[in-house]
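Derivation of every value follows stated rules applied to the coordinates shown; laboratory data play no part. Quick caveat: nothing in here was measured; it's all calculated off a predicted structure. Neighbour counts are summed over all protein chains in view; Cβ atoms, including those assigned to glycine, are modelled from backbone coordinates with ideal geometry.
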Amino acid sequence: MYQNNKTYTVDQAIKKMEHYCAYQERCHQEVRQKLKRMSMIPEAVDVIIVHLLEHNYLNEERFAKMYVRGKFNIKKWGRRRLTLELKKKEISKFNIEQAHKEISEEEYIKTLNDLAEKRADLIREVNTIKKKKKLVDYLLYRGWEPHLVYDKVNKLLS
C-alpha cells in the first residue's frame, strides 16, 4: 500500500471523512483504515470517529442494514455469507441480527428458488449426481444454508 505524504489537521480530516461517509454508508473499520492511510495519530482518529458518530455520518446498524439489503438484492447472497462478510467488517452480533430482519422469509425463499432454478438451467451436465453437486456447491458458496440448499436441489433434480 502506498503511503500518503499529505498531512491533515483534525478539522481537514473531519471534513474529508464527512464527505467520505456521506458519499456511501461506511463501517467503523473502513473509516479507521482510511484515517490510518491519511497518517492520522490514534488520538485524532478517536476524535474524528466520535464527531462522525455524533453527527450521524457513521452508524453501524444503518451500515449493516444497507449492506445486507444491497448484497442480498444484487449478488443474491444467503444469510451465512452476509454474516461472514459483516463479521469481517467487525460488525456486532446485534447489528448483524437486526440487518437480517431486513429480508422477509418469503422473499428469502423466493430468491433461493429463483437462483437455484436459473442456475440449474445453466449447468450443462448430463450426469445427475455431478449436476446436483455443481448446483449445491454454487448455492453454498453464495452463503445459503445447507438444509435449504439440499432440500431445493433434491426437489429440482430428482
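Each Lys and Arg contributes +1 and each Asp and Glu -1, all at the Cβ; summed about the Cα centre of the chain, the dipole is approximately 900 debye.
With the cut-off at 1.5 for a/c, could you classify the chain from its C-alpha gyration tensor as rounded, prolate or oblate? In terms of gyration-tensor shape, prolate. The relative contact order of the chain, computed from alpha carbon pairs under 8 Å that lie at least 6 residues apart in sequence, is 21 percent. Cut-off 10 angstrom, C-alpha nodes, Gaussian network model of the chain. Which of ASN56, ASN113, ASN73 fluctuates the most? Ranking ASN56, ASN113, ASN73 by mean-square fluctuation puts ASN56 first. Once the dipole of the stretch 33-152 is set up with Lys and Arg at +1 and Asp and Glu at -1 on Cβ about the Cα centre, which of LEU53, ALA64, THR111 lies farthest towards its positive end? Going by the Cα projections, it comes out as THR111. In a simple Cβ point-charge model (Lys, Arg +1; Asp, Glu -1; nothing else charged), the stretch 63-107 has a dipole of about 280 debye relative to its Cα centre. State the Cα centre-to-centre distance between the stretch 125-158 and the stretch 56-112 in whole Å. Cα centres, the stretch 125-158 to the stretch 56-112: 23 Å. Selection among ALA99, HIS147, GLN29 by position relative to the dipole of the chain gives HIS147 as farthest towards the positive end (Cβ unit charges, Cα centre).
For the stretch 105-156, the alpha carbon convex hull comes to 68 Å³ per residue, rounded to a whole number. Exposed loop sites here are trypsin sites (Lys or Arg not before Pro) assigned a DSSP state other than H, G, I, E or B and surrounded by at most 14 other beta carbons within 10 Å; excluding them, the longest clear run of the chain is 7-100.
Each residue in LEU148, LEU139 was given a count of other beta-carbon atoms within 10 angstrom of its own, and listing them fewest first yields LEU148, LEU139.
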